[in-house]
Amino acid sequence: MRVCERMLNACAFGTAQPAECVISCTQQTRQRGQSVKWRLKSYATRRCCSDITFAEVIIVRVFRMALGEFCCMLVLSCLFQASSAHTDFFTSIGQMTDLLYTEKDLVTSLKDYIRAEESKLEQVKRWAEQLDTVTATATEDPEGFLGHPVNAFKLMKRLNTEWGTLESLVLKDTANGFISNLTSQRQHFPNDEDQIGAAKALLRLQDTYRLDSNTISTGDLPGVRYKSAMTVEDCFELGKIAYTEVDYYHTELWMAQALKQLDEGEESPIDKVTVLDYLSYAIYQQGELERALELTKRLLKLDSSHQRANGNVKYFEHQLQKQRKTKTEEESEDREKRDTDTSRGRSNDYLTERQKYEQLCRGEGVKLTPRRQRRLSCRYFDNNRSPRYVLGPVKLEDEWDRPHIVRYHDIITDSEIAKIKELAKPRLRRATISNPITGVLETAHYRISKSAWLTGDEHPVVARINQRIEDLTGLDMNTAEELQVANYGVGGQYEPHFDFGRKDEPDAFKELGTGNRIATWLFYMSDVSAGGATVFPDVGAAVWPKKGTAVFWYNLFPSGEGDYSTRHAACPVLVGNKWVSNKWIHERGQEFRRPCGLQEVDR
């Protein structure tokens, strides 16, 4: 029984594969005739259910024999949960790194297959060359050749035995190992949702940082270490995904880039006719009939029998005639206004706040005047002679005045960061937001990251970090939420939001029973090559990630009223990998540590 328990422990804490856990435990139990139902209930739900793949459902039949119907249903539940809860690779760069090792393993397997095929072909080639020499000589004088008894014997031997051996060699399947490996790995591959998510991330980065398609396609992004260019197929695929999403603005941009690369002579299985077909339609959908007609005519020069293009030419010409007849001065002015609109094709979601947010992400629009800048300072801080910091005060810098945002430098060590990431990475799950109406946690398109929660009692490093936050803020951590660790994905972002519950969300943190979120502490656990700033659109503030630092601000005034100037966002990561961890501190327990103010908005 102890062997089984040890295996379940290994499964629970990640040192054994779930299938190994279940099969080994099953074998041990069958041999000893003992029950492990009580162990399965605690451990399988804690670890195995999160890792067992649906492909391992075959073990259920063995499991049923060993443990009975109850455990069989439990394992089946785990397997179905695992299959339904897709890992959303594109939402976490940290977890995407595992895919690189998967692909490396597949490449190694593919090379083994190629070597086996080359070896087989080399043997066949040598056989063919030998027989070519023999048959050439033999057919010059067949009777004389066969008059030699050894030649007659060898002919019989070749046709009766050696050609059969050659047939077996040619029919030998050397692909089994590669196919088996590919099949087993495929269940861990990204799916359509990941590909679409990564494509949308590129489009989001293009808009936020005002990058033209050619810059992205050539890979000339700021801060890149590993430059990678896009092929015609890549550009076409991006345009096609935008087309599927009825996003004709980006369809035009990327189909035009694909066409540009084809015109420059890049070889591709994608032809110009296909690209022009998509491009002309996307432009037509944006109301530019003349350009759509021009591109369609270009398509017909390449393929005069293209049925849809022939129909479109007639339709576009007819529409242009109608447009010219009914054109008025007012319509002409409207068209000129559209032509000068830099946000052409964008959806209605891009309002004033969005524009401010994107400006700040690009490092533009910061609203700190020189006079206000002079009020900010850097200093050593011990929080009123806190015992832990009297002899070794920390470096504190004012980042912003209203709201007051401060940054602590060198506040978390590299070894602490490594341990936090090590604890969090196996548990990372798609970050969720609380629906303000239903209170239910759900994923959102405007939050692209994965997160995990770490409790103070599971490792001394977490407990030490919690204590450090308490010492430096002077706030009680007993009512704070657990340390949340987040890793951002491709173009990872969190659009403008409040950390605290507003008046129209009275039940936001009711279940916790600790009041509203009074303050936010945010560790930066990595440097980011480009992008990834924390911005406050309402006040024009931008705070850039710097590994080993932390920023802190109050979400509520001393009166308990929400400070609406703390509305903030995490900008998309353009280049790099962004890791953060944060602590949301709540009101309860702070009554004597941060007394209430007499005025509603006293700071």
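Let's see how each residue does on (1) more than 15 Å from F189 (Cα to Cα); (2) in contact with a His (Cβ under 6 Å, 6 or more places away or on another chain); (3) at pLDDT 85 or above:
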{"residue": "I59", "(1), (2), (3)": "yes, no, no"}
{"residue": "D88", "(1), (2), (3)": "no, no, no"}
{"residue": "G94", "(1), (2), (3)": "yes, no, no"}
{"residue": "L99", "(1), (2), (3)": "no, no, yes"}
{"residue": "T108", "(1), (2), (3)": "yes, no, yes"}
{"residue": "D112", "(1), (2), (3)": "yes, no, yes"}
{"residue": "E122", "(1), (2), (3)": "yes, no, yes"}
{"residue": "R126", "(1), (2), (3)": "yes, no, yes"}
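Could you tell me which residue of segment 156-174 is nearest to V134 (Cα to Cα), considering only residues that are open to solvent by 80 Å² or more (accessible area, probe 1.4 Å) and basic (K, R)?
Restricting to residues being open to solvent by 80 Å² or more (accessible area, probe 1.4 Å) and basic (K, R), the top hit is K157.
Do we find that T455 is touching a residue at least 24 places away in the same chain (Cβ under 8 Å), in contact with a Ser or Thr (Cβ under 6 Å, 6 or more places away or on another chain) and surrounded by fewer than 20 Cβ atoms within 10 Å (Cβ to Cβ) in this structure?
No.
Find the helices (runs of 4 or more DSSP H) located wholly in segment 201-272 whose residues include 1 or more that are in contact (Cβ under 8 Å) with a residue 60 or more places away in the chain, and list them.
248-263
Residues are listed down the side, and each one gets a yes or a no for (1) in contact with a helix residue (DSSP H, G or I) (Cβ under 6 Å, 6 or more places away or on another chain); (2) farther than 25 Å from K356 by Cβ; (3) at pLDDT below 95; (4) of a type in the set (D, E):
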| site | (1), (2), (3), (4) |
| --- | --- |
| K546 | no, no, no, no |
| N555 | yes, no, no, no |
| H586 | no, yes, no, no |
| R593 | no, yes, yes, no |
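Only one of (1) at pLDDT below 95; (2) charged (D, E, K, R); (3) within 22 Å of G532 (Cα to Cα); (4) surrounded by fewer than 11 Cβ atoms within 10 Å (Cβ to Cβ) is not met by K356, so which one is it?
With (1) at pLDDT below 95; (2) charged (D, E, K, R); (3) within 22 Å of G532 (Cα to Cα); (4) surrounded by fewer than 11 Cβ atoms within 10 Å (Cβ to Cβ) applied to K356, the lone miss is (4).
For the subset of segment 363-376 comprising residues that are in a loop (DSSP other than H, G, I, E, B) and open to solvent by less than 50 Å² (accessible area, probe 1.4 Å), which member is farthest from G532 (Cα to Cα)?
L376
Here is a check on your reading of the model: is G501 open to solvent by less than 30 Å² (accessible area, probe 1.4 Å), within 31 Å of the chain's Cα centre (by Cα), on the phi > 0 side of the Ramachandran plot and modelled with pLDDT under 95?
So G501 does not fit the description; no.
Against the condition within 28 Å of I93 (Cα to Cα) and crowded, with 20+ Cβ neighbours inside 10 Å, how does I518 come out, does it pass?
no
Here is a list: A201, A242. Which entry is at pLDDT 95 or above and of a type in the set (G, A, S)?
Unique residue meeting the criteria: A242.
For segment 401-420, enumerate the residues that are open to solvent by less than 40 Å² (accessible area, probe 1.4 Å), under 30 Å from Q373 (Cβ atoms) and not hydroxyl-bearing (S, T, Y).
If the condition is that a residue be open to solvent by less than 40 Å² (accessible area, probe 1.4 Å), under 30 Å from Q373 (Cβ atoms) and not hydroxyl-bearing (S, T, Y), then D401, P403, I405, V406, R407, H409, I411, I412 are the ones that fit.
The values are calculated or read from the model by the stated rules, or taken from the named source; none is laboratory data. Computed from a prediction, not measured in an experiment: that's the story for all the values here. Positions of Cβ are backbone-derived with ideal geometry, glycine not excepted, and every protein chain shown enters the neighbour counts. The accessibility values were calculated without ligands, DNA or RNA, using every heavy atom of the protein model including side chains. Shrake-Rupley method; radii C 1.70, N 1.55, O 1.52, S 1.80 Å.
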